[in-house]
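The values are calculated or read from the model by the stated rules, or taken from the named source; none is laboratory data. As the structure is a computational prediction, the values presented were derived from the model and not from experiment. Don't worry about glycine lacking a Cβ; one is built from the backbone with ideal geometry, like all the others, and counts go over all protein chains shown.
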Amino acid sequence: MFVIPPYVRFALIGVFLLGGIALWASLGVWYGIFFVLTAVFLFVGYVFLGTVAPAAKAIQVQDFDGAEKLLGLTLKPEWLYSTNRAFYYMMKGNIAISRKDLDQAEGWLRKAESIDIPTPTERATLHFQLAQIEYQRKNFNAAKKYLKKAKEANVKIPQIREQIELMDQALKQTGQVKAVQRMGKEGHAMLGRGGKRRQPKRR
């Protein structure tokens, strides 16, 4: 997909708008209207699409600082088209995760979760990230709930399916460890109550 870098877009808006106005004033409306409309179209695209696409490219190469700067050029996140708004919040969450700020990451991801995300891949990714956060906090029950939602998206991409499977195995192991710990505690309790050996009577 072709992506116009933000600063290039800003430059094009300025050139088309000023050029169109100049042609409009000197030669007439029909000479400048195309350039003015092109400038308006570019500006509307900037308002409703934001800088999500170029920021996503930066995220793909692990350039989180660059992605944050690009997202900062978005005029108003609240004005973004719903899908792009969800992606904006998800990328802010990714940046926070990269900096180990789980509270901030959860806040951004929950904002994304409140939006109806149309694509199964992004829904699975979102819920998997929330599951990771809860897993790191050792809130295993909450992690299982989010992982279940990630599974329900039924994503076919091998890399995502593999990550979900690994998380599922890790959560199952934590459940087994807890069961063993409970059994151990119960065993110690039983030993304490009735596990003492009776001493033989002395003759």
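Which ones in region 136-154 are surrounded by 15 or more Cβ atoms within 10 Å (Cβ to Cβ) and either under 15 Å from L166 (Cα atoms) or polar (S, T, N, Q) (or both)?
Selection gives F140, A143, K144, Y146, L147, A150, K151.
Quick one: in region 120-135, which of the residues that are more than 18 Å from Q173 (Cβ to Cβ) and polar (S, T, N, Q) is surrounded by the fewest Cβ atoms within 10 Å (Cβ to Cβ)?
In the first step, residues of region 120-135 are kept if they are more than 18 Å from Q173 (Cβ to Cβ); the result is 120-127, 129-130, 133.
Add one more test, that the residue is polar (S, T, N, Q), and what stays is 121, 125, 129.
Details: T121: 13, T125: 22, Q129: 21.
The selected residue is T121.
Among the residues of region 3-40, write down those that are under 18 Å from T74 (Cβ atoms) and of a type in the set (F, W, Y).
Initial filter on region 3-40 (under 18 Å from T74 (Cβ atoms)): 3-13.
Y7, F10, listed by residue number.
Going by the conditions given, is T51 farther than 30 Å from N94 by Cα and within 37 Å of the chain's Cα centre (by Cα)? Outline the logic, then answer.
Working: farther than 30 Å from N94 by Cα: no; within 37 Å of the chain's Cα centre (by Cα): yes.
No; evaluated as a whole, the condition is false for this residue.
What about G93, is it of a type in the set (G, A, S), out of contact with any strand residue (DSSP E or B) (no Cβ under 7 Å at 6 or more places or on another chain), closer than 29 Å to G14 by Cα and modelled with pLDDT of 95 or more? Reasoning before the result, please.
On the way: of a type in the set (G, A, S): yes; out of contact with any strand residue (DSSP E or B) (no Cβ under 7 Å at 6 or more places or on another chain): yes; closer than 29 Å to G14 by Cα: no; modelled with pLDDT of 95 or more: yes.
Here the answer is no, as G93 does not meet what is asked.
For (1) farther than 20 Å from K111 by Cα; (2) part of a helix (DSSP H, G or I); (3) in contact with a helix residue (DSSP H, G or I) (Cβ under 7 Å, 6 or more places away or on another chain), each residue gets a yes or a no:
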{"residue": "H127", "(1), (2), (3)": "no, yes, yes"}
{"residue": "A131", "(1), (2), (3)": "no, yes, yes"}
{"residue": "K138", "(1), (2), (3)": "yes, no, no"}
{"residue": "A142", "(1), (2), (3)": "no, yes, yes"}
{"residue": "L147", "(1), (2), (3)": "no, yes, yes"}
{"residue": "K151", "(1), (2), (3)": "yes, yes, yes"}
{"residue": "K156", "(1), (2), (3)": "yes, no, no"}
{"residue": "Q163", "(1), (2), (3)": "yes, yes, yes"}
{"residue": "M167", "(1), (2), (3)": "yes, yes, yes"}
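If a residue has to be assigned to a helix (DSSP H, G or I), surrounded by fewer than 15 Cβ atoms within 10 Å (Cβ to Cβ) and free of Cβ contacts under 8 Å to residues at least 24 places away in the same chain to count, how many in region 81-103 make the cut?
Residues that pass the stated criteria total 1.
Farther than 19 Å from I133 by Cα and not charged (D, E, K, R): does that describe G20?
Details: farther than 19 Å from I133 by Cα: yes; not charged (D, E, K, R): yes.
It is true that G20 is farther than 19 Å from I133 by Cα and not charged (D, E, K, R).
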